[in-house]
Amino acid sequence: MADLTGHPQLHRLLGRVPRRLFAVAAVASVAALAASAHAGSAPTPTLAQLVGQHLLVRMQGSNPSPSFLRRIRKGQVGGVVLFQNNATAAQVPVLVAKLQAAAHAGGQLPLLIAVDQEGGVVKRLPGPPSLSPSGMTTAALARAQGLSTGRYLHGLSVNADLAPVLDVPASMSAFISSRAFSTSASLVGSRGVAFAKGLLAAGVVATAKHFPGLGRLTESTDYAPATVSASKAALARDLLPFKRAIADGVPAIMVGTAIYPAYGDDIPAAYSPAIVTKLLRDTLDFQGVVLSDDLDTAGVWGRIPPPQAAVQAVKVGGDMVYIAGVNGSGGDAIGEEAYAALLRAAKDGTISEAALQASYARIAACGVPKRGSDCKSGLFAYS
């Protein structure tokens, strides 16, 4: 492979990434840059492409529309979340090939193709995991379930699982209890991280959710705005699984849309500087990809319009914003509106280009990990 240590695009993408991420970003980016190095300088991502990489959206129907594919080619979409009504398991590889071909034709990074494949009540595709999280009663069993899930998704060309759930239910009345590994924070941490390790060993990105924890709520923020009124001391218990996941190198964390006054903000966590910037980035030193939960939901609607929430989420340090609407109710329009809002914010300096470049580099570094023994360093240091 060519020596790209002095390659200008590599430095543009990675210059602002913390040192501990450098090796990982290099592994993820150098191979893609090598071919272009022989042909000449790789193109620098445009501002529009930097902005588009932040968007994780839902596709309408079972066949991507010409306008949706055009948006992907132009770099206005960074990832796509698939649901049951998009394709059967047998159809998923063909659908993903169409989407990735559009990204490749436009010279974009490969798309993040994600599903919610938690197991139990939330499982978009019919394959593994065969157990619900609560049924994964040991870390070894959870890892085996994660590995089989990762192999299944990898075989369908899906490269990210929006799992594991690391919320700790305060009681069985918590809405998340049917999706949780346990009511014990330590067991949620050990089993959830083991599931993540299995996913990553199979070459699928794991996403820990819903930071900083939804275990004290009785209703989902998809359907109602919610405030977690517990003290900061009480909330420390809910952070334990996330701390373990960060220590073990989970590549992505999804931030929820509940409000946590104890952390010093009265706005949804996904775009709260007290939670994303101060708590997750600074205090817990998370250097991976920060993804918002869906911003086109009841947890956000009453505060600000979802496209503006997307701007605020990126401004405080988010790397990707998930915006689709409950059951895809936002349609294609909400993703287009969010892209337009983010592009305006980038052009007027509300979001700095340096911040966009740093996010772009983190996303590139979090790209699809290699399977098995090829994936042995940095964020993907699982065995």
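The values are calculated or read from the model by the stated rules, or taken from the named source; none is laboratory data. Quick caveat, the model's predicted, so the values are computed rather than measured. Here Cβ is always computed from backbone atoms with ideal geometry, including for glycine, and neighbour counts include all displayed protein chains. Note: areas computed on protein heavy atoms with side chains; ligands, DNA, RNA excluded. Shrake-Rupley method; radii C 1.70, N 1.55, O 1.52, S 1.80 Å.
Could you please find all residues in region 133-155 being in a loop (DSSP other than H, G, I, E, B) and surrounded by fewer than 24 Cβ atoms within 10 Å (Cβ to Cβ)?
Keep residues of region 133-155 that are in a loop (DSSP other than H, G, I, E, B), which gives 136-138.
Matches in region 133-155: Thr137, Thr138.
Looking at Ile275, Ile267, Ile304 in this structure, which one is outside any helix (DSSP H, G or I), modelled with pLDDT of 95 or more and more than 19 Å from Phe195 (Cβ to Cβ)?
Values: Ile275 fails: outside any helix (DSSP H, G or I); Ile304 fails: modelled with pLDDT of 95 or more.
Selected residue: Ile267, the only one of Ile275, Ile267, Ile304 that is outside any helix (DSSP H, G or I), modelled with pLDDT of 95 or more and more than 19 Å from Phe195 (Cβ to Cβ).
Out of the residues in region 162-212 that are in contact (Cβ under 8 Å) with a residue 60 or more places away in the chain, in contact with a Lys or Arg (Cβ under 8 Å, 6 or more places away or on another chain) and part of a helix (DSSP H, G or I), which is farthest from Thr138 (Cα to Cα)?
Across region 162-212, the extreme among qualifying residues is Ala201.
Matching residues to (1) surrounded by 22 or more Cβ atoms within 10 Å (Cβ to Cβ); (2) assigned to a strand (DSSP E or B); (3) out of contact with any Phe, Trp or Tyr (no Cβ under 6 Å at 6 or more places or on another chain); (4) among the hydrophobic types (A, V, I, L, M, F, W, C):
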residue	(1), (2), (3), (4)
Val57	yes, yes, yes, yes
Ser62	no, no, yes, no
Leu69	no, no, yes, yes
Ala87	no, no, yes, yes
Pro93	no, no, yes, no
Ala97	no, no, yes, yes
Ala101	no, no, yes, yes
Ala114	yes, yes, yes, yes
Leu131	no, no, yes, yes
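Here is a check on your reading of the model: is Ala230 assigned to a loop (DSSP other than H, G, I, E, B), modelled with pLDDT of 95 or more and open to solvent by 10 Å² or more (accessible area, probe 1.4 Å)?
On the way: assigned to a loop (DSSP other than H, G, I, E, B): yes; modelled with pLDDT of 95 or more: yes; open to solvent by 10 Å² or more (accessible area, probe 1.4 Å): yes.
Criteria met by Ala230.
Can you name every residue in region 345-377 that is at pLDDT below 50 and surrounded by fewer than 22 Cβ atoms within 10 Å (Cβ to Cβ)? Full working, then the answer.
Filtering region 345-377 down to residues at pLDDT below 50 leaves 368-377.
Val368, Lys370, Arg371, Gly372, Ser373, Asp374, Cys375, Lys376, Ser377, listed by residue number.
Give the number of residues within region 233-255 that are surrounded by fewer than 19 Cβ atoms within 10 Å (Cβ to Cβ) and in contact with an Asp or Glu (Cβ under 6 Å, 6 or more places away or on another chain).
Here the count works out to 0.
Right, Thr221: open to solvent by less than 10 Å² (accessible area, probe 1.4 Å) and either out of contact with any Leu (no Cβ under 7 Å at 6 or more places or on another chain) or in a loop (DSSP other than H, G, I, E, B) (or both) or not?
Details: open to solvent by less than 10 Å² (accessible area, probe 1.4 Å): yes; either out of contact with any Leu (no Cβ under 7 Å at 6 or more places or on another chain) or in a loop (DSSP other than H, G, I, E, B) (or both): yes.
Judged against the criteria, Thr221 is a match.
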